[in-house]
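Everything on this sheet refers to the single structure shown next.
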Ligand code: CTP
C-alpha cells in the first residue's frame, strides 16, 4: 500500500471521528436546551454552559483540520514522484551498501572456452551468478577445444584462466575442463564442488551431431541464460583478420566503431558497476590510464599491480580517436563503450573515468581525490617515453613509474592470427554463419 494513500486514509478517519463527537455534543446540547425550558429556574446557566462547550468543540475541530491539512501537504511534497526519484538516485550514487537478505547458498557451475575473454562472457558470468550465490567457472582445456572446435584457441589455458579469474562475477575457477560434459565429469563436479546447477548460454552447443550438455540436461539441473548479442570471440577475430590484411587501412572516422554490433545501454553499464562504492574518506586513490584494447592478461597484471599501490583504483580510458592517433591502422579493435565494459568487469577496478583526458590536469586530480598517478611500463614497450602529459602530477609529487616484467600485448594476439590466417578465416566464416542463424532464431 503506498504510504501517501495510507496517510490520506488516516486523515480521513480522523475527520470522521471529529464529526461524530460534534454530532453527539449537538444532541446533548439540544437535550439540555429542552431540559432548561422545562425547568425554567436553571435555563440561563444551562444555556451558557452549552454555548461555551459548543464553541470549544468548534475551535478544536478547526485546529484539528488545519493540522491534518499541513500534514497532508508536507507528505505529498515529500513523496512527489520526481523527488522520490532524486532521493533514490542520491542513495544509489552515495554507494551505500544494499540490504541483502541472508539466503541459502546456491552453487552454479558454468564452463566454456572463454577465448579472448570479452564483456559478453563477463555478462554471462553475471547472469549465471544471479541464478545462485556462488559461481564456479570451468575453463576448457586447449586440447579439448582443438578436438571439438577444429582448431586450438588463440589464448592458451593459462591465459584464459587468468582472464576468467580476474572477472569480478566469478568466485572460483577450475582449469582444464573437458569441452564435452560427460556423466563422469558431471558426477565429479557435483560431488567435489557441491554444484546445484549447470548453466550455459541459450545457443546450441553441438559436437559431432550431439548436444554437449545432453547428460547435464538429463540430471534436471541444467539452466540456460540468454546469450549477449553483438559480441563474440568470432566477431573480435573478424576485426583482427581485417587488421592483418595490409590493404585494409580505414580512415580514422570509421575506426573501431565500424565493426561493432554491440549496443551499449546505460542499464548494462549500471549492471557492470552495481557494486561500485564511493572512495571512503582518507583512502589512497590511485589513477592509471590507457586504451585497454582487447582486454588481455597483460592488462590484468597491470591493474592488479596498480591496485596494490593504494586502496581505490580509478582507471582512465581514452577515447577511440586518441588511441587511433597513438596507434594508427584501424585500432582500437574495441570501441570506447566495449573497452569500458571489459575494464568494469575486472575485479581490481573500483571505478573508471570514461573518455579520460590525455593530459592529467589539476582539476581531475582534485575532483577525483587522486593521491597517486601511475605510469606503467613493460618489457615490450612501444609507448612513448615522453612524459609531458604527466607534467602536473610530476610537479605535484604524486607521479610514479611502475615497471612490469610482462611481455603480453595486443600485437602478440594479432601475430597469432597472422601465423594461422587461413585457419582463422575458415573458422570465422563458419562461426559467423552459425551466429547469424542463432540471432535469427531468437528474433523469430
Ligand atoms: N556467451 C554469451 N554471450 C556471448 C558469448 C558467449 O553468453 N556473446 C556464453 C556462451 O553461451 C557460453 C559461454 O559464454 O555459455 C562460453 O562460451 P564459449 O565456450 O567461450 O564459446 P562461444 O559460445 O563460442 O562464445 P564466443 O563465440 O564468444 O567464443
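Please treat every number below as a calculation from the coordinates, not as lab data. Keep in mind that this is a model prediction, so the values were computed, not measured. Reconstructed Cβ throughout: ideal geometry from the backbone, glycine too, with neighbour counts over all protein chains shown.
Odds and ends about this structure:
- FRET efficiency, residue 441 to residue 60 (Cβ-Cβ, R0 56 Å, nearest 0.05): 0.15
- Taken along the Cα-to-beta-carbon direction at a fixed 7 Å, the label points for residue 411 and residue 369 span 4.0 nm.
- Note on 376, 28: ascending count of other Cβ atoms within 10 Å places them as 28, 376, the fewest first.
- log10 of Debye I(q)/I(0), alpha-carbon scatterers only, for the stretch 314-444 at 0.09, 0.19, 0.21 Å⁻¹: -0.40, -1.32, -1.50
- In the stretch 283-340, Cα pairs under 8 Å separated by at least six residues give a relative contact order of 44 percent.
- Between the stretch 417-444 and the stretch 320-339, the alpha-carbon center distance in angstrom: 24 Å
- Between residue 386 and residue 152, the distance separating the two model label sites (each 7 Å from Cα on the Cα→Cβ line) works out to 4.0 nm.
- Relative to the 2.2 N^0.38 Å rule of thumb, the stretch 389-444 has a C-alpha radius of gyration ratio of 2.17.
- Computed lengthening from residue 394 to residue 309, 0.36 nm per intervening residue step minus Cα-Cα distance: 28.9 nm
- The stretch 330-392: relative contact order as a whole-number percent, Cα under 8 Å and 6+ apart: 31 percent
- Over all Cα atoms in the stretch 140-213, the spread is summed up by Rg and Dmax: 13.1, 35 Å.
- Sequence-separation-based contact order of the stretch 363-404, relative, with Cα cut under 8 Å and 6+ spacing, percent: 54 percent
- For the peptides 352-358, 53-59, residues were scored by their other Cβ atoms within 10 Å and the scores averaged per peptide; the highest-first order is 352-358, 53-59.
- Residues of the stretch 139-170 with amide N under 11 Å of the 7 Å Cα→Cβ point at residue 192: none
- Using the Cβ-Cβ distance between residue 401 and residue 229 with R0 set to 30 Å, the FRET efficiency from 1/(1 + (r/R0)^6) comes to roughly 0.15.
- Listed peptides 269-280, 111-122 by packing density, highest first (mean Cβ within 10 Å): 111-122, 269-280
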